[in-house]
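Peer 1: Take a look at this one; I'll ask things after.
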Amino acid sequence: MLATANGTVSARTREFEYNGLLNNGTSYLIWGSNEPRPPGASWFRLVERRISESSTQDPNLAGNGHWLPQATAIAALKFFEAASDLLPGEPYIYGSPLGDLVAEFDGEKGTLTSVIGPNVTLLYAIIGGIPIKRTVHPEGGERELRSELKELSESLCTGKYGTLETEHR
């Protein structure tokens, strides 16, 4: 939903519908609270267009690494809309052979790879040579996603990762 001075409207973009994915700098997105969100990153519209133009409803085309299934595209658009202001920069994005969207980011002190699917988002970071993995489910909402990404993004810029839990294999 988009909250404007004139009320709230649903957003429809390209071939599919998703909620809360417009931000023109004068309106604020509301995600289940009365708090306005900060504006998205300057690169958000470009990434939004790339994802929208790479999605398909045709199950024969989806998930081949070239086309994203519609459900994945919607999840990815929600991810970037909710968190683009926290991410370290414009991502390199591509589709996986399994139909997920992969977004790679470079920070000053490490890298972040997000694997976004309709049912789960996996966040993999390498900070100071230490691997870190986070799993975010849609039911956790924007707050959980932003909390995980804020901590990882700050670590990517500072190199400080002491309070983060790491996963070693």
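Peer 1: Mind counting the residues in the range 49-75 that are out of contact with any Gly (no Cβ under 9 Å at 6 or more places or on another chain) and closer than 24 Å to Glu148 by Cβ?
Peer 2: Residues that pass the stated criteria total 4.
Peer 1: Pairs please, first residue from the range 117-144 and farther than 27 Å from Gly65 by Cα, second anywhere and outside any helix (DSSP H, G or I) and of a type in the set (D, E, K, R), Cβ atoms under 7 Å, 6+ apart in sequence or on different chains.
Peer 2: Close Cβ pairs satisfying both conditions: Ile127/Lys109; Gly128/Lys109.
Peer 1: If you check Glu151 against the conditions, is it surrounded by fewer than 21 Cβ atoms within 10 Å (Cβ to Cβ) and either at pLDDT 85 or above or touching a Phe, Trp or Tyr at 6+ places or on another chain (Cβ under 6 Å) (or both)?
Peer 2: Working: surrounded by fewer than 21 Cβ atoms within 10 Å (Cβ to Cβ): yes; either at pLDDT 85 or above or touching a Phe, Trp or Tyr at 6+ places or on another chain (Cβ under 6 Å) (or both): yes.
For Glu151, the condition - surrounded by fewer than 21 Cβ atoms within 10 Å (Cβ to Cβ) and either at pLDDT 85 or above or touching a Phe, Trp or Tyr at 6+ places or on another chain (Cβ under 6 Å) (or both) - is met.
Peer 1: If a residue must be of a type in the set (Gly, Ala, Ser), more than 15 Å from Thr121 (Cβ to Cβ) and assigned to a loop (DSSP other than H, G, I, E, B), how many such residues does the range 62-99 contain?
Peer 2: 3
Peer 1: Check Ser114 against each of (1) under 23 Å from Gly140 (Cβ atoms); (2) assigned to a loop (DSSP other than H, G, I, E, B); (3) polar (S, T, N, Q) and name the one condition it does not meet.
Peer 2: Of the numbered conditions (1) under 23 Å from Gly140 (Cβ atoms); (2) assigned to a loop (DSSP other than H, G, I, E, B); (3) polar (S, T, N, Q), the odd one out for Ser114 is (2).
The values are calculated or read from the model by the stated rules, or taken from the named source; none is laboratory data. A quick note: this is a predicted structure, and the numbers were derived from the prediction, not measured. Cβ sites come from the backbone with ideal geometry, for glycine too, and all protein chains shown count toward neighbours.
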